[in-house]
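Following: one structure in structure tokens, then a few remarks.
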Amino acid sequence: MLLRKRPPGDLATTTGRQRACKVGRAARPRDALALLAMKLIIGIVRPEKANDVLEALYRAEVRGVSMSRVQGHGGELDRVETYRGTTVKMELAEKVRFEIAVSDPFVEPTIEALRRGAHTGEVGDGKIFVLPLERAVRIRTGDADEEAVTPLGG
Ligand SMILES: Nc1ncnc2c1ncn2[C@@H]1O[C@H](COP(=O)(O)OP(=O)(O)OP(=O)(O)O)[C@@H](O)[C@H]1O
Ligand SMILES: [Mg+2]
């Protein structure tokens, strides 16, 4: 039998995860599992509650966060009269949008933190959307997926 010496980093000597990265997306066997392992959580909240949300996220040990200002509408229709009859207008309200990519164990704590920080009990408190997240990459290190959404110390 012919034994060939494999160079370091050869596909046969790498782990499943490393191999998946090397051979490209089409052949990534982890894609389906990654969808279960990570989520992108979008929280749209009142601007005046944004700091409370940040504090609640910090207490829940959720560290990676993006925030942006958005204009939104919750779906309620305000009817106004015009001289041609009844028309519908949509008033947009200022909101803050959080985007938080987390590994599975942080999904419920993140949702709870968003609720705790943003809740007033009045209409317009906001919404939380949870999306499957296929990939994440830490640019500096190349860390992928759950490692990429787990904060490094220091
Ligand atoms: N279906 C949706 N898709 C995208 N964004 C939404 C949706 N529903 C609400 N939003 C966003 O969330 C913001 C706050 O929505 P809001 O809290 O008014 O939702 P709601 O369903 O009307 O609940 P509430 O009855 O408490 O007002 C909106 O201004 C909009 O930015
Ligand atoms: Mg509303």
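Each reported figure results from applying straightforward, stated rules to the coordinates on display, with no laboratory input. Source: prediction; values computed, not measured. Virtual Cβ from ideal backbone geometry, glycine too; neighbours counted across all protein chains shown.
The C-alpha radius of gyration of the range 38-148, expressed as a fraction of 2.2 N^0.38 Å, stands at 1.32. Evaluating 6.51 cos²θ - 1.76 cosθ + 1.60 at θ = phi - 60° for every residue in the range 134-144, the Karplus couplings come out as 7, 8, 8, 9, 7, 4, 4, 9, x, 3, 10 Hz, glycine and proline recorded as x.
Qualifying chymotrypsin sites (Phe, Trp or Tyr not before Pro) in the range 52-154, where qualification requires a DSSP coil assignment and no more than 12 other C-beta atoms within 10 Å, comprise Tyr83. For Ala101, nonlocal amide neighbours, meaning residues 5 or more places apart or on other chains whose placed amide H falls under 5 Å from its own, are Ile41.
Exceedance of the 18 Å cut-off in Cα-Cα distance is limited, within the set Lys49/Lys89; Lys39/Lys95; Lys39/Lys127, to Lys49/Lys89; Lys39/Lys95. Against the empirical 2.2 N^0.38 Å (N residues), the range 40-87 has a Cα radius of gyration ratio of 1.83. Spacing of the modelled spin labels on Glu61 and Arg140, each 7 Å from Cα toward Cβ, amounts to 2.1 nm.
Look at the alpha carbon pairs under 8 Å that are at least 6 residues apart: their mean separation over the length of the range 38-148 gives a relative contact order of 43 percent.
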